[in-house]
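For reference, the structure is listed below as structure tokens.
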Amino acid sequence: MIRLENVSKRYGNGHYGVIDVNLEIHRGEFIFLVGPSGAGKSSLIRMLYREELPTSGEIYLDEFRLSQLRRTQVSRLRRQLGVVFQDVKLLTNRTVFQNVAFAMEVVGAKGHDIQKRVPQVLELVGLARRRNNLPHQLSGGEQQRVGIARALVNNPVYVIADEPTGNLDPETAFDIIKLLNEINRRGATIVMATHAKEIVNQMHKRVVAVENGRVVRDEARGAYGYEP
Amino acid sequence: MNLNSVWYIAKETGRNLVYNIWMTLASVSTVAISMFVLSFFLVLTVNMTHLTTVLQSQVEMRVFINANVPRHSEMTLLKQADQWPGVRKIQFFTKQQAADSLKKEFPDQRDLLTLISKSNPLFDGFNVYTKNPNEIPALAVRFQHEKAVHNVVYEGQVVSRLSRLSVIMKWVGWAVELLLGLATLFIIVNTIRLAVFARRREVAVMKLVGATDWFIRWPFVLEGLVLGIVGAGVADLVVSQGYHWLIMAATGALPFWPMAPYAQVMAKTWDFTLIGGLVVGGVASIVALRRFLKV
Ligand SMILES: Nc1ncnc2c1ncn2[C@@H]1O[C@H](COP(=O)(O)OP(=O)(O)O)[C@@H](O)[C@H]1O
Ligand SMILES: [Mg+2]
């Protein structure tokens with residue numbers, strides 16, 4: 001479970017990213033984080049994987065208390081998480097397979113585990129036949145699938161995605177959401193910040209709306225709720 | 001850390017080195033130059049020390065006894081002087097032995113030698129060996145005060161100047177080495193900085209998926225160490241070839257000159273340069289990582 005208690009984030013320039021947010025996310029949930037640009041979605045997500053710390057309040061993630069982590073625990077925390085970005089952050093000089101394998105190599109996975117696991121994940125995201133391609137040889141949607149495969153390959157409990165479909169056309173975006181839904185069905189908890197109104201409205205998942213850094217709405221089977 | 005990780009880190013280190021090949025070459029060259037200069041001073045000081053010991057083991061001081069002094073008085077003085085502090089060894093020689101050794105030392109000076117052989121004007125005396133060449137002047141004065149002594153001759157000035165010079169050379173060597181070391185450090189730090197920059201995306205992904213700090217740092221630390229060791233190795237190759245050649249040249253041109261033995265010199269330069277290379281590479285990677293790699 002992820003729990004945010006009175007979390008505020010004030011940046012060095014005096015701007016607030018989020019203000020006094022309280023939120024509980026349970027295992028197995030699929031949550032859309034919606035809100036206009038600059039509302040504070042990315043700020044909230046960066047605190048979940050402890051890229052940043054709250055200036056006040058506390059975040060708990062399973063047994064981790066995020067403001068109290070020592071450096072070695074930060075890497076343990078991150079192994080529980082799979083993070084996906086709008087700009088996928090693939091390594092441009094490595095193949096699809098190598099990009100995904102990289103995430104296992106650097107946490108010390110064994111060679112034969114890597115050889116077994118990476119093809120499974122590539123199969124799941126539908127890229128089994130693209131394993132030897134370089135990122136620039138792939139479409140935007142395929143690149144994002146590689147990003148998702150990389151996030152999944154270490155079997156994270158939570159998958160955290162910041163506008164993963166932001167660069168994609170609606171149809172491709174929908175494929176990505178179906179993929180995340182499948183991953184959720186297999187047990188991972190999904191937190192996804194998004195602008196994609198159609199998708200949110202169609203999925204009938206929990207929707208947490210953020211405006212000016214504050215949570216203004218939290219509905220179990222919600223809708224996007226904004227006009228674009 | 002398992003074998004895969006070791007292999008992975010080695011691979012990434014190699015990738016860093018090849019990716020920035022020009023900086024790699026620049027670093028290796030500066031390490032090599034720096035270690036070459038270090039070796040140069042080492043070779044010099046080892047040789048000076050060697051020369052000093054060789055000279056020291058030769059006769060350091062000759063004490064000549066007045067011609068009218070009876071043999072038993074000479075022997076008494078010999079026994080006394082043997083107990084004086086600073087005296088390592090003392091040997092008596094007769095004027096006949098002195099003339100013989102002169103003949104051996106200067107076989108070509110026929111006129112002088114005929115003169116010596118006929119009239120034998122030299123004195124009986126002592127060869128005195130000291131524990132420390134610095135003590136020679138004081139001992140010379142002490143002998144001079146003895147009534148039986150005619151005069152004292154010594155080459156100790158050469159030796160003590162030589163040992164003072166080698167101390168100075170050591171300090172000059174270390175000062176030059178310090179400056180070169182700093183320059184080398186600077187170059188390696190920049191090489192690693194470029195590697196960190198080239199790998200910023202990898203580093204970001206590694207952090208994101210939960211690689212440990214040291215897993216991220218190791219390839220860069222290894223890179224620094226490899227640059228240091230390889231540079232030192234290059235310097236050692238040049239120095240060992242060079243010194244080998246020098247010994248050959250010296251035996252041809254200056255056969256009486258005592259060169260320090262090859263093995264002794266190489267043992268010293270290898271130790272110093274390899275440790276020097278490791279230290280400069282290691283320190284450089286620590287500096288570079290503290291400044292440029294935010295994990
Ligand atoms: N690194 C930062 N430094 C300063 N202000 C920031 C930083 N990141 C975000 N902000 C500010 O925090 C607010 C929320 O931004 P963000 O979390 O990026 O919103 P969203 O992802 O919903 O578009 C904005 O006012 C933005 O200017
Ligand atoms: Mg954002």
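The values are calculated or read from the model by the stated rules, or taken from the named source; none is laboratory data. Note that this is a predicted model, so its numbers are computed, not measured. We place every Cβ from the backbone using ideal geometry, glycine too, and count neighbours over all the protein chains shown. When the accessible area is computed, the model is the full protein with side chains, heavy atoms only, and any ligands, DNA or RNA have been set aside. Shrake-Rupley method; radii C 1.70, N 1.55, O 1.52, S 1.80 Å.
Looking at the structure I just gave you, is A:G140 more than 16 Å from ligand 2 (Cβ to nearest atom), open to solvent by 20 Å² or more (accessible area, probe 1.4 Å) and of a type outside the set (S, T, N, Q)? Before the answer, list the steps.
Working: more than 16 Å from ligand 2 (Cβ to nearest atom): yes; open to solvent by 20 Å² or more (accessible area, probe 1.4 Å): yes; of a type outside the set (S, T, N, Q): yes.
Spelling it out, A:G140 is indeed more than 16 Å from ligand 2 (Cβ to nearest atom), open to solvent by 20 Å² or more (accessible area, probe 1.4 Å) and of a type outside the set (S, T, N, Q).
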Within the set of pairs 6+ apart or on separate chains, which have a first residue in segment A:147-171 that is over 15 Å from A:V191 (Cα atoms), a second that is within 16 Å of ligand 1 (Cβ to nearest atom) and among the basic types (K, R), and C-beta atoms under 7 Å apart?
none
Lone unmet requirement of (1) in contact (Cβ under 8 Å) with a residue 12 or more places away in the chain; (2) within 16 Å of ligand 2 (Cβ to nearest atom); (3) surrounded by fewer than 22 Cβ atoms within 10 Å (Cβ to Cβ); (4) not basic (K, R) for A:F64:
(2)
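Taking the options A:T172, A:T189, A:T194, name whichever one is in contact with a strand residue (DSSP E or B) (Cβ under 9 Å, 6 or more places away or on another chain), hydroxyl-bearing (S, T, Y) and more than 16 Å from ligand 2 (Cβ to nearest atom). Reasoning before the result, please.
Numbers: A:T172 fails: in contact with a strand residue (DSSP E or B) (Cβ under 9 Å, 6 or more places away or on another chain); A:T194 fails: more than 16 Å from ligand 2 (Cβ to nearest atom).
One residue alone meets the criteria, A:T189.
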Given B:E202, B:E146, which one is out of contact with any Phe, Trp or Tyr (no Cβ under 9 Å at 6 or more places or on another chain) and charged (D, E, K, R)?
B:E146
In segment A:151-160, residues that are open to solvent by 10 Å² or more (accessible area, probe 1.4 Å) and touching a helix residue (DSSP H, G or I) at 6+ places or on another chain (Cβ under 7 Å) total 2
Report yes if A:R78 is away from ligand 2 (no atom under 16 Å from the Cβ) and crowded, with 19+ Cβ neighbours inside 10 Å, otherwise no.
yes
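Among residues belonging to segment A:1-18 that are within 16 Å of ligand 2 (Cβ to nearest atom) and more than 20 Å from A:R206 (Cα to Cα), point out the one that is least open to solvent (accessible area, probe 1.4 Å).
Start the filter on segment A:1-18 by keeping residues that are within 16 Å of ligand 2 (Cβ to nearest atom), which leaves A:9, A:11, A:15-18.
The next check asks that each one be more than 20 Å from A:R206 (Cα to Cα); those that pass are A:9, A:11, A:15-17.
Values: A:K9: 24, A:Y11: 59, A:H15: 118, A:Y16: 124, A:G17: 6 Å².
It comes out as A:G17.
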Qualifying residue in segment A:116-127 (condition: within 28 Å of A:T194 (Cβ to Cβ), buried (at least 16 other Cβ atoms within 10 Å of the Cβ) and within 11 Å of chain B (Cβ to nearest Cβ))
no
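Restrict the check to segment B:197-207 and report whether at least one residue is within 14 Å of another protein chain (Cβ to nearest Cβ), of a type in the set (D, E) and open to solvent by 20 Å² or more (accessible area, probe 1.4 Å).
Here is the first cut: in segment B:197-207, the ones within 14 Å of another protein chain (Cβ to nearest Cβ) are B:198-207.
If we keep only those that are of a type in the set (D, E) as well, we get B:202.
Narrowing further to those that are open to solvent by 20 Å² or more (accessible area, probe 1.4 Å): none.
No, every residue in segment B:197-207 fails to be within 14 Å of another protein chain (Cβ to nearest Cβ), of a type in the set (D, E) and open to solvent by 20 Å² or more (accessible area, probe 1.4 Å).
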Take B:M23 and decide whether it is under 25 Å from B:W218 (Cβ atoms), open to solvent by 20 Å² or more (accessible area, probe 1.4 Å) and part of a helix (DSSP H, G or I).
yes
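Show me the strands (runs of 3 or more DSSP E) found entirely inside segment A:1-95 where at least 2 residues are within 14 Å of chain B (Cβ to nearest Cβ) and within 16 Å of ligand 1 (Cβ to nearest atom). Steps first, answer last, please.
On the way: elements: A:2-10, A:16-25, A:30-34, A:56-61, A:81-85.
The qualifying strands (runs of 3 or more DSSP E) are A:81-85.
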